[in-house]
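Student: Let me begin by handing over the structure; questions about it come next.
A short reminder: the numbers here are calculations on the coordinates, not readings from a lab. These numbers come from a predicted model, not from an experiment. We place every Cβ from the backbone using ideal geometry, glycine too, and count neighbours over all the protein chains shown.
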2 protein chains.
Amino acid sequence: MLGEGVHDGDRHGVALDALESLLGERFTRSSAVRLAHGRGEAFHADMPPDAVVFPRSTAEVQAVVRLCAMQRVPLIAFGAGSSLEGNVAAVAGGVTLDLTAMDAILAVNDADMDCAVQPGVTREALNAHLRDAGLFFPIDPGANATIGGMVATRASGTNAVRYGTMRDNVLWLTVVTADGSVVRTARRARKSSAGYDLTRLFVGSEGTLGIVTEIGLRLHGQPEKIAAASVAFDSLDGAVRSVVEILQIGVPVARVEILDAAMVGAVNAYSKTGFAERPSLLFEFHGSEAGVREQAETVAMLTEANGGWGFEWALRTEDRNRLWAARHHAYHAAQGLRPGSRLIVTDVCVPIARLTECLVETHADIAAAGIVAPIVGHVGDGNFHVFLTVDPDNEAEIAQARELNDRLVARALAMDGTCTGEHGIGLGKQDKLVDELGSEAVALMRRIKQALDPHNILNPGKIFRFDQETSQ
Amino acid sequence: MLGEGVHDGDRHGVALDALESLLGERFTRSSAVRLAHGRGEAFHADMPPDAVVFPRSTAEVQAVVRLCAMQRVPLIAFGAGSSLEGNVAAVAGGVTLDLTAMDAILAVNDADMDCAVQPGVTREALNAHLRDAGLFFPIDPGANATIGGMVATRASGTNAVRYGTMRDNVLWLTVVTADGSVVRTARRARKSSAGYDLTRLFVGSEGTLGIVTEIGLRLHGQPEKIAAASVAFDSLDGAVRSVVEILQIGVPVARVEILDAAMVGAVNAYSKTGFAERPSLLFEFHGSEAGVREQAETVAMLTEANGGWGFEWALRTEDRNRLWAARHHAYHAAQGLRPGSRLIVTDVCVPIARLTECLVETHADIAAAGIVAPIVGHVGDGNFHVFLTVDPDNEAEIAQARELNDRLVARALAMDGTCTGEHGIGLGKQDKLVDELGSEAVALMRRIKQALDPHNILNPGKIFRFDQETSQ
């Protein structure tokens with residue numbers, strides 16, 4: 001180990017040379033590769049790392065962590081690059097571990113309905129693999145994210161109303177900690193009360209507490225029958241009210257998405273669909289043949305009673321897939337409303353009783369600001385996304401969009417909601433985390449970070465502001 | 001603050017006097033009260049605290065914690081006293097906070113299906129309160145535990161197969177930390193990805209990281225229809241196999257309990273029921289009228305195909321209640337098999353594919369040891385309890401029962417299971433926690449403990465062995 005007074009750059013150089021010897025061609029300082037790893041999906045400043053490595057095993061990740069830990073070089077885990085809050089930016093340089101080559105499905109246990117995967121497996125690849133076993137992994141954040149990335153941001157998405165989020169569907173993790181130890185957080189039992197819930201501590205920690213190298217997931221049986229439906233409303237209020245009633249009487253809807261009129265328009269233009277350009281709900285039902293029919297009938301009745309019209313079934317697989325593909329393209333559809341724009345994507349989540357009010361006030365705010373910003377949301381959870389289209393060269397407009405986001409978060413917090421339903425804190429919402437939980441709760445989080453990563457080498461500058469003091 | 005070299009006893013005395021001034025009659029050193037607070041339900045040595053206090057508000061808990069923290073006096077939170085692993089024993093003396101007077105239901109939000117309660121509310125009191133709102137709180141560990149205690153041990157019980165455990169149904173917590181800060185762990189949104197999951201860190205921490213003073217819970221709509229059923233089998237294997245198939249095809253059973261023949265016999269004797277004394281499954285179905293019928297038909301078919309017989313419906317509320325009351329009295333029924341005995345209660349949880357093997361081997365082990373020890377389990381989760389009846393005055397028998405427990409845990413761990421499905425670690429399973437997760441994972445937990453409670457004043461000696469060094 002180098003002594004005091006050695007410049008960071010020298011230390012980094014020592015570590016990088018050692019990594020190059022260790023990994024050969026799976027180490028690179030190429031600027032194109034670095035740049036591609038210094039950004040997520042949405043609009044944040046690019047911050048490339050000093051080098052990118054492509055490990056293939058837990059042992060290799062451990063070796064990389066040990067070399068970097070010795071020289072106090074930052075380490076950033078990277079999957080599909082689909083995060084939205086600058087979660088993978090290399091704020092203090094360092095080494096990005098691209099884990100996409102660790103894409104093995106290690107085991108599928110049919111009877112136990114669980115599996116073990118490496119972090120680079122994507123959710124689509126996993127579900128393709130599971131198809132023949134009659135199982136599926138329900139969490140669907142939209143993007144074809146890696147399971148590792150989904151663990152890191154505590155992802156959820158369209159199916160969470162029925163199947164929960166990553167919080168609920170991760171059984172155990174293998175994690176390489178900041179000192180290069182390999183820890184397994186839990187056994188394969190469906191539940192446990194054995195000590196602190198380390199699994200849940202790492203889920204949503206955005207790579208700041210350890211690097212996840214294996215993941216145990218809970219799986220679900222493929223439903224006998226799946227059907228979808230769409231229904232339009234003249235007002236957001238009726239749409240939200242129907243969903244509250246549907247949940248209260250316990251209809252186990254698998255998905256229920258809300259699109260505002262602007263979002264429906266964007267989807268129609270992008271996906272050549274013909275939905276009425278009104279606030280709309282999209283549903284998916286899972287169950288037995290009879291169960292799905294009963295669910296859909298109840299939903300048709302309740303939506304109609306709340307002013308819904310044009311309830312349309314999508315019973316055939318191709319119709320259903322077209323409907324959900326249109327929903328999944330919402331991001332690009334929003335961008336398509338303003339060619340050349342980039343998106344500032346934000347999401348909040350509020351108690352569902354406040355959702356209409358939150359949406360209506362946000363609409364008024366968007367209209368007053370004159371920004372094109374369609375809305376889509378996981379209404380069953382009270383969670384919605386605003387896609388703020390901005391001209392990337394127009395500083396004033398970007399500032400205006402950020403202020404709109406500030407007001408949106410303040411509004412959600414005033415309603416006892418959260419500043420981020422499923423995108424994480426990353427770089428973008430650090431101040432808002434303090435607004436949400438208070439400085440004492442955030443201080444508690446920092447004490448955990450300090451205890452597990454005393455030199456702040458794991459994804460430094462995420463969740464908490466980068467602090468030179470603790471990064472030594 | 002007192003200086004170095006002051007004897008612990010003096011410090012404790014200073015704190016206790018201050019607490020007496022603060023709380024008056026709600027402070028006691030009565031030996032009967034102390035003794036009643038130094039034990040849980042099952043058989044562990046009694047370890048009474050030096051005093052018991054009965055706070056009535058978060059502010060009072062905070063004042064108690066501050067006074068005790070200043071003098072490094074241990075603090076133990078106490079609810080119904082129904083824990084089973086010595087979780088409330090005052091290993092190092094100190095002050096027990098009896099939170100049963102903090103039993104207010106602070107808010108019920110119908111549309112959001114959530115509520116806020118103080119920790120002393122019992123689950124039965126909560127459900128009585130919710131009845132008229134058409135809502136219920138599903139977690140049912142058997143005992144009429146307090147919600148605070150259920151948070152502390154990450155309780156689950158009979159409904160977990162459908163509704164999850166305390167892990168899944170706590171939305172947020174207000175916690176007084178070791179330094180007397182009051183922290184709220186999350187907002188009221190249904191989900192969030194705002195920083196580390198502090199809520200899940202405190203759930204299951206057995207009072208070692210903070211004292212919970214308010215709890216936000218997720219509620220569920222009362223099902224339109226509830227029905228129950230029982231079915232007997234000639235072998236455990238057929239019973240478990242049916243459950244695997246039932247879960248695989250996605251029947252949303254609300255409860256599915258397995259009783260071995262000995263347990264059925266004990267239940268019949270205690271509750272005057274007439275179940276066939278064979279391995280049996282008890283089911284509960286929640287849903288619409290048609291949904292419940294469909295579930296029950298599928299279950300009848302699958303159990304029959306696996307050798308089940310005598311499928312018996314309990315459609316009427318009173319029949320259903322009698323069936324579940326019989327199940328709930330399993331603890332006392334087991335004790336009734338040997339008048340004068342006490343119970344050493346243990347539970348493990350294994351992947352369900354290994355459950356039959358684990359049960360069969362455990363049966364053989366019980367038979368070889370000649371101990372009366374009926375078994376009941378939450379079979380859908382792979383979780384089961386063994387009630388080891390022991391003569392409290394027979395040291396040899398107690399030792400033999402403990403060895404049987406050791407072998408049971410080793411067996412469960414060898415099957416990738418956990419040493420405790422829902423009772424926690426407490427005093428009883430500290431070595432087994434290390435066996436289960438390894439010393440590095442437990443070291444990680446200790447670092448978290450150290451970061452949040454540097455002087456080890458919060459329920460010292462639980463989860464981890466009591467360490468004089470860190471308790472200063």
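Student: For peptide A:444-457, compute the average count of partner chain beta-carbon atoms within 10 Å of each residue's beta-carbon.
Tutor: Counting Cβ atoms of other protein chains within 10 Å of each residue's Cβ and averaging gives 4.
Student: While we're on this one: Points 7 angstrom from Cα along the Cβ direction at residue A:224 and residue A:300: gap in nanometres?
Tutor: 2.0
Student: Relative to the Cα centre, what is the charge dipole magnitude of chain A, using +1 at the beta carbon of each Lys and Arg, -1 at the beta carbon of each Asp and Glu, and rounding to the nearest 20 debye?
Tutor: The dipole of chain A has a size of about 840 debye.
Student: So how far, in whole Å, is the C-alpha centre of region A:21-73 from the one of region A:269-319?
Tutor: Value for the Cα centre distance between the two parts: 45 Å.
Student: Another question, then. Among B:433, B:306, B:77, whose Cα sits farthest toward the positive end of the charge dipole of chain B (+1 at Cβ of Lys/Arg, -1 at Cβ of Asp/Glu, about the Cα centre)?
Tutor: B:77
Student: In region B:1-129, with Lys and Arg counted as +1 and Asp and Glu as -1 at Cβ, which of these residues, B:100, B:57, B:90, has the Cα nearest the positive end of the dipole, that is, farthest along it?
Tutor: Toward the positive end, the furthest listed residue is B:90.
Student: May I pose another question? Percent of Cα-Cα pairs more than 13 Å apart in region A:138-195, please.
Tutor: 66
Student: May I pose another question? When only alpha-carbon atoms are used, what values of Rg and Dmax, in angstrom, describe region A:338-459?
Tutor: Looking at region A:338-459, its Cα Rg and Dmax stand at 15.9, 47 Å.
Student: Using the per-residue mean of other Cβ atoms lying within 10 Å as a proxy for protection, in what order, highest first, do the peptides B:413-423, B:398-408 fall?
Tutor: Descending mean neighbour count gives B:413-423, B:398-408.
Student: Could you sort out which of A:191/B:429; A:191/A:432; A:225/A:272 sit more than 21 Å apart by Cα distance in this structure?
Tutor: Long pairs (Cα-Cα over 21 Å): A:191/A:432; A:225/A:272.
Student: Moving on to the next point. Work out how far the C-alpha atoms of the protein assembly as shown reach from end to end along every principal axis, then list the three figures in whole Å, largest first.
Tutor: 82, 71, 57
Student: Follow-up. Please list the non-local residues whose amide H lies under 5 Å from the amide H of residue A:383, H modeled 1.01 Å from N, same-chain partners needing a gap of 5 or more.
Tutor: Those lying under 5 Å, H to H, from residue A:383 are A:350, A:378.
Student: Skipping prolines and chain starts, which residues have an amide H placed within reach, meaning under 5 Å, of the one on residue A:107, given they are 5 or more residues away or on another chain?
Tutor: Residues meeting the criterion, in which the H sits 1.01 Å from N, are A:116.
Student: Another one. Taking the Cα centre of each part, how many Å lie between region B:94-172 and region A:103-160?
Tutor: With region B:94-172 and region A:103-160 each reduced to a Cα centre, they are spaced 32 Å.
Student: Moving to a separate point now. Rounded, prolate or oblate for region B:39-116? Axes are the square roots of the Cα gyration tensor eigenvalues, ordered a ≥ b ≥ c, and the cut-off for rounded is a/c under 1.5.
Tutor: oblate
Student: Can you tell me the equivalent ellipsoid semi-axes for region A:1-148? Use √(5λ) from the Cα gyration tensor, largest first, whole Å.
Tutor: 32, 18, 11
Student: While we're on this one: With equal scatterers on the alpha carbons only and no solvent term, can you work out the Debye log10 of I(q)/I(0) for region B:286-399 at 0.23 1/Å?
Tutor: Here log10 of I(q) over I(0) equals -1.33.
Student: Using only alpha carbons, build the gyration tensor for region A:105-221 and give me the equivalent ellipsoid semi-axes, biggest first, whole Å.
Tutor: That gives 21, 15, 14 Å for the three semi-axes.
Student: Which of the peptides A:258-268, A:55-65, B:82-92 is most tightly packed, and how do the rest follow, going by the mean number of other Cβ atoms within 10 Å of each residue?
Tutor: Ranked by mean Cβ neighbours within 10 Å, highest first: B:82-92, A:258-268, A:55-65.
Student: Moving on to the next point. Of A:236, A:315, B:198, how do they rank once you tally other Cβ atoms within 10 Å and put the fewest first?
Tutor: A:315, A:236, B:198
Student: Further, regarding this structure: Quick query: amide H of residue B:173 versus all other amide H atoms, modeled in the peptide plane; which residues come in under 5 Å with a sequence gap of 5 or more or a different chain?
Tutor: Amide H neighbours of residue B:173: B:185, B:186, B:216.
Student: Related question: Please report the antiparallel percentage of DSSP beta bridges with both residues in region B:97-224, rounded to the nearest 5.
Tutor: 95
Student: Return the calculated 222 nm mean residue ellipticity for the protein assembly as shown, to the nearest 500 deg cm²/dmol, obtained by summing -39500 (n - 2.57) across DSSP H runs with n ≥ 4 and dividing by the residue count.
Tutor: -11500 deg cm²/dmol
Student: What does the copy distance list look like for residue B:406, label position 7 Å along Cα→Cβ, in nm and ordered from shortest?
Tutor: Its label point is 6.4 nm from the equivalent points in the other copies.
Student: Run the dipole for the protein assembly as shown about the Cα centre, Lys and Arg Cβ at +1, Asp and Glu Cβ at -1, nothing else charged, and hand back the magnitude in debye, nearest 20.
Tutor: Computed about the Cα centre, the dipole is about 80 debye.
Student: Please order A:285, A:78 by the number of other Cβ within 10 Å, starting at the fewest.
Tutor: A:285, A:78
Student: Here is a further query. Among B:251, B:329, B:285, whose Cα sits farthest toward the positive end of the charge dipole of region B:225-330 (+1 at Cβ of Lys/Arg, -1 at Cβ of Asp/Glu, about the Cα centre)?
Tutor: B:329
Student: Now a separate question. What's the FRET efficiency of residue B:234 with residue B:372 using the Cβ-Cβ distance as r and R₀ = 30 Å, to the nearest 0.05?
Tutor: 0.85
Student: Which of the peptides A:238-246, B:336-344 is most tightly packed, and how do the rest follow, judged by the mean count of other Cβ atoms within 10 Å per residue?
Tutor: Descending mean neighbour count gives A:238-246, B:336-344.
Student: Once a ≥ b ≥ c are taken as the square roots of the eigenvalues of the Cα gyration tensor of region A:225-331, is the result rounded (a/c under 1.5), prolate (a/b larger than b/c) or oblate (a/b not larger than b/c)?
Tutor: oblate
Student: Taking a ≥ b ≥ c as the square roots of the Cα gyration tensor eigenvalues, with a/c under 1.5 meaning rounded and otherwise prolate when a/b beats b/c, else oblate, which class fits region A:86-165?
Tutor: Here region A:86-165 falls in the oblate category.
Student: Restricting things to alpha carbons, tell me how big chain A is in terms of Rg and Dmax, in Å.
Tutor: Rg, Dmax (Cα atoms, Å): 22.6, 73.
Student: Let me ask something additional. What's the average, rounded to a whole number, of partner chain beta-carbon atoms within 10 Å of each residue's beta-carbon in B:176-185?
Tutor: Per-residue shielding by partner chains comes out at 3.
Student: Please state the relative contact order of chain B as a whole percent: Cα pairs under 8 Å, 6+ residues apart?
Tutor: 15
Student: Dipole size in debye (nearest 20) for region B:105-221 around its Cα centre, Lys and Arg Cβ +1, Asp and Glu Cβ -1?
Tutor: 300
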